[in-house]
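Notes follow the structure.
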Amino acid sequence: MSAKVPEEETSEREQLRYAWRVLSVVGLASITTGMGSSSLNVALPEVVRHFGASAAAASWMLLSFLLTNTVLMVAFGRLADMFGRRVMYLWGLATYTGGSLLLGFAPGEWYVVGLRVVQAAGGAMLLTNSAALLSEAFPRRHLGRGMGIYIASFSVAQLVGPTLGGVLTHRLGWQWVFWFNVPLGVVCFVWGAFTLRRTGGTGGERGLDVSGNLLVLVSLGGLLLGVSQAGEQGWSDPTVLAGVAAFAVSVPVFVAVERRSRHPVVDLRLFADRVFGFDLLAALLNTVARMAVVLLVALFYQAVRGEDPVSAGLRVLPTSIAMGATSMSAGRLHTWLGPRMVAPLGCITGSVGLLVLLVSVSEDPGYVPMCAGMVLVGVGGGMFMPATATNMLDELPDNRVGIVNAMRLMVQNVGVMVSTGLGTSLIASQLPASLRPEVFAGTLSHGAPGEVGKLISGYRVALAVMTAVSVLAVAASLAGRRKPGAVSLWPDDDTPGCTPADPMPSQQGRGHGTEGSKA
């Protein structure tokens, strides 16, 4: 036995060295794609002016990326499970980098929209596989630390992206908002090709659910169309109602189709494990509750306080800094408390932060209480996201990692869409329709100072709703804690005769242990 211990330690050290190399690949790629997305938010007015783009084209330069990215995630997760994550990841890097290069040469505004779809397809391949690659590479007891650093890379992108976009647009022209991705993408591709191990797919049946993917497009496209127009047009606008109706009608049809599909986009059998279902629900609710905070607070300082965009941007930095710092400490938190405990604590912390913002918001709130609320929201997100990702991916058999990770990311993207649409519509809900555009232009305090009080009322409504949603996320996260002695009920395509209610031979996950059953 004594001779085996050093061999096991050596094997774990080798695995850990490989895991850190994998983290360097996915971390750099996530920073690259994150900066690409956030930098365009600042550069968009310059792009619109260059092409003389219509309002519809300007909106879809942003929305086309989010919709495509969301719709394709699950399909690419399925393909990665079938053909291997290394191949899918390298194709994603090549597609994203190629799309970025072509965007700088776009001859018109709708070419930009189309090439953003190409860019988003590459981004979906990357996002679908990043956390899955880490989950496979890291030893169980180090997974939380690796996942926390990976999540923190997005905070780095959020910090750097807007400033980078402004500098590049001002100094070099709007094209460089896309072109700066190219050298970074090439470096990521070369390093990924050298680092990532060649692996095949997990085998089993191969196929895609075409009808299911089309229904995802229709349902999420309708939802995105509805919530994106609600802030400006109001919830009674025919376009908004049509989009929401398309979503409402498509969802039950989607469920019926998925029950009969041999290769479903969303395998409904996964929800036989109540822990998985509550984890997914908690992820959705937590994202809806907090993702609009930075946008709403930045708008607050411009529309209510009359500050310029640069000053407003600096005021919201504590959220990203707090989230990044907390995510970097995720490994220690998971070792100390376990991810099943950290996730609801993160939700509770974020809920307190939203409550502080709700109590503090006024025409002259002072920066300290607002900053405290934003820090708590950031800390809560930095605790919750790595813990939930670890909980959901750790106990899976190999042939489920890609598809479940894709579902997790798709749910989070839907949460971002709902959070943004809901938050922006609620803050403007107390104002006349004619004044709502001034909120989003940040000019209300100059153009109609007498109406600022109504905007404050709208902020209180929005923050109250977001706080309530966050409390529901706490409840869902607590409900997702597995009882002692319980087993995971993961369906296994390779195990004949298994049903969702039967214990699976793959209950032990991927060799990392069953942390969830110990919580």
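The simple Förster model, with R0 at 41 Å and r as the Cβ-Cβ distance, assigns residue 210 and residue 186 a FRET efficiency of 0.75. Remark: the residue 15-residue 336 segment gains 113.3 nm on full extension, using 0.36 nm per residue and subtracting the alpha carbon distance. With the Kirkwood sum run over all distinct C-alpha pairs, region 275-482 has a hydrodynamic radius of 17.5 Å.
The string of couplings for region 117-126 from the Karplus curve (6.51, -1.76, 1.60, θ = phi - 60°) is 5, 4, 4, 5, 4, x, x, 5, 4, 6 Hz, one whole number per residue in order, with x for Gly and Pro. Would you calculate the volume per residue, in Å³, of the smallest convex hull containing every Cα atom of region 307-395? Normalising the Cα hull of region 307-395 by residue number yields 92 Å³. In this structure, residue 141 and residue 434 have a Cβ-Cβ separation that, at R0 = 51 Å, corresponds to a calculated FRET efficiency of about 0.30. Once backbone amide H atoms are built at 1.01 Å from N, residue 273 has no partners under 5 Å, excluding neighbours fewer than 5 places away on the same chain. Which residues in region 248-277 have a backbone N closer than 20 Å to a point placed 7 Å from the Cα of residue 475 along the Cα-to-Cβ line? Once the point is set 7 Å along Cα→Cβ of residue 475, 274-277 turn out to lie under 20 Å by backbone N, inside region 248-277.
None of the figures in this text is laboratory data; all of them are computed from the coordinates on show. Bear in mind the structure is a predicted one, so any value in this text is a computation, not a measurement. When we count neighbours, we look across all protein chains shown, and the Cβ atoms used for this are built from the backbone with ideal geometry, even at glycine.
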